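**Q** First the structure, which I've put down as structure tokens, then a few questions once you've had a look.
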Amino acid sequence: MLKQVGKAEINPIHKSTCHCGAVELELQLPEGIVEPRRCNCSICRRKGAVVGSVPLAGLKVVKGEDKLGLYQFDTKEAEHYFCSICGIYTHHKRRSNPNQYGINLGCLEGVDPSLIEGVDIHDGANNHPSDRPDP
């Protein structure tokens, strides 16, 4: 279990669930919560979630894969997953880094995202890394 003192205690395996418990993820977080952030892009500002990062291999759906809904828009590169029963956003495959998932830190068991220090705000609405011209 993570201690809640603003930063997560380092513990490699964590449980993440939607609100109703139909979807359960196992996350490998050997460095604790990495890159906590909010974003102001059209979908993120509506979700309002604080997200962290995990490599693709660091996320495993252990329950409810058949309950996960997928939402894609615009470029259809990012994959936004949510519980089809309770509607909670659990994670997404990033457009800005297709080798990572963004994870909803509010779904992590024992974590209160409002207590996480150092949450950056990313300007995904006007300055998304995937929309920048090549140097």
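**Q** Tell me, what is the Rg over Rh of region 27-87, with Rh the Kirkwood radius over Cα pairs?
**A** Numbers: Rg = 12.9 Å, Rh = 13.4 Å.
Checking Rg against Rh, the ratio lands at 0.97.
**Q** Which of the peptides 72-82, 51-61 is most tightly packed, and how do the rest follow, going by the mean number of other Cβ atoms within 10 Å of each residue?
**A** Details: 72-82: 14.5, 51-61: 17.7.
Descending packing order for the listed peptides: 51-61, 72-82.
**Q** Students often check this: by mean Cβ neighbours within 10 Å, which of 43-49, 102-108 ranks highest, and how do the rest follow? Display every interim value, and only then the final one.
**A** On the way: 43-49: 15.4, 102-108: 22.6.
In descending order of packing, they fall as 102-108, 43-49.
All of the numbers you see were taken from the coordinates with simple rules; none came from a lab. This is a predicted model, so every value here is computed, not measured. For neighbour counting, all protein chains shown are included, and Cβ atoms are generated from backbone atoms with ideal geometry for every residue, glycine included.
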